[in-house]
Amino acid sequence: MRAGDDLYSTETFGPLIGVARCADFDEAIELANGHGYGLSSAIYTTSPLHAFRFRERISAGMVSINNSTSGAEAHLPFGGNGKSGNGSRQSGIWVLDQFTRWQSVNWDYAGKLQKAQMDVAEIEAVADFRLEERAF
């Protein structure tokens, strides 16, 4: 498989897999990110360095290390990145933001208009009051 192939540039869901030969790790990451899809990704390696570098540089929404890309975890945000999936995070606590609208309500039962969030004593202004001049 090459970057210009239809299999490379089309997100497919089925019993097929594209295989590409890469010269090095950097070329593999470039190929993995180059098509613009980002639903799920996986790396099989015995190198912790490659595992962490993969996680840092891959653009996919789900990253698996030494595990398959199939199956989502219900408690994790999921929905794909880039041109993949539906772009939302339809799992875990993130689903609250997808289907709800946050709103704050303040209801005062006092029956009178409050001043600056609390009642205060009436203070009369002294119109001719001035601060003393001091030499510092």
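Since every read-out is calculated from the coordinates, none of them should be taken as a lab result. Just so it is clear, the model here is predicted, and its values are computed rather than measured. A quick note on method: Cβ atoms are made from the backbone with ideal geometry, for glycine too, and the neighbour counts reach across all protein chains shown.
Brief remarks follow.
- Separation of the Trp107 and Ser70 label points, Cα + 7 Å toward Cβ, nm: 5.2 nm
- If the chain linking Cys22 and Glu132 were pulled fully straight, counting 0.36 nm for each residue of separation and taking away their Cα-Cα distance, it would gain 31.4 nm.
- The chymotrypsin sites (Phe, Trp or Tyr not before Pro) of the stretch 11-44 that meet both conditions, a loop assignment by DSSP and at most 16 other Cβ atoms within 10 Å of the site Cβ, are Phe13, Tyr44.
- Computed magnitude of the charge dipole of the stretch 1-40 (debye, nearest 20; Cβ of K, R +1, Cβ of D, E -1): 140 debye
- Estimated distance in nm for a label pair at Tyr8 and Asp97, the labels positioned 7 Å out from Cα along Cα-to-Cβ: 3.5 nm
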